[in-house]
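I have placed the structure first, in the form of structure tokens, so that the comments after it can refer back to it.
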Amino acid sequence: MIPWGASVRVQWRDRVGRRRGFWIWVPLFLVWLILLPLVLVLFPVVALACVFVRLNAVRLYGTAWGILNSLRKTVVDVDTPEVRVWVRVA
């Protein structure tokens, strides 16, 4: 299943040396709803382009779906001395 949300946490050190930061939840299902009309319009265009470049459109769509599904439970953690950014896709 495609990911429905992501949580983002950003932390940094202020001038005194204390850690400051914020946390935000990003609802990815709203992004999917916004992109749905674009995908529906581009679906036949991409299929037609696959015919011209001799690609298997079913395999292309299956691979794209597999990539979207594999994004679930992805964690990205970037930690530097100044800033720490943590992203978790749920």
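Points to keep in mind about this one:
- Evaluation of Met1 against the conditions (1) assigned to a helix (DSSP H, G or I); (2) touching a helix residue (DSSP H, G or I) at 6+ places or on another chain (Cβ under 7 Å); (3) of a type outside the set (Gly, Ala, Ser) shows that the sole unmet condition is (1).
- Candidates in the range 51-82 are the residues that are part of a loop (DSSP other than H, G, I, E, B) and of a type in the set (D, E, K, R); of these, the one that is nearest to Arg20 (Cα to Cα) is Glu82.
- Long-range neighbours under 7 Å by Cβ, at least six apart or interchain, first residue among the basic types (Lys, Arg) within the range 8-26, second modelled with pLDDT under 90 and loosely packed, with under 10 Cβ neighbours inside 10 Å: Arg13/Arg19; Arg13/Glu82; Arg20/Asp14
- Residue match in the range 11-18 (condition: more than 25 Å from Val75 (Cα to Cα), outside any strand (DSSP E or B) and either of a type in the set (Phe, Trp, Tyr) or within 23 Å of the chain's Cα centre (by Cα) (or both)): no
- Every residue from the range 1-14 that is closer than 17 Å to Arg84 by Cβ and not β-branched (Val, Ile, Thr): Ala6, Ser7, Arg9, Gln11, Trp12, Arg13, Asp14
The values are calculated or read from the model by the stated rules, or taken from the named source; none is laboratory data. The model shown is predicted, which means the values in this text are computed figures rather than measured ones. Quick reminder, even Gly has a Cβ in these numbers, built from the backbone with ideal geometry, and neighbours come from all protein chains shown.
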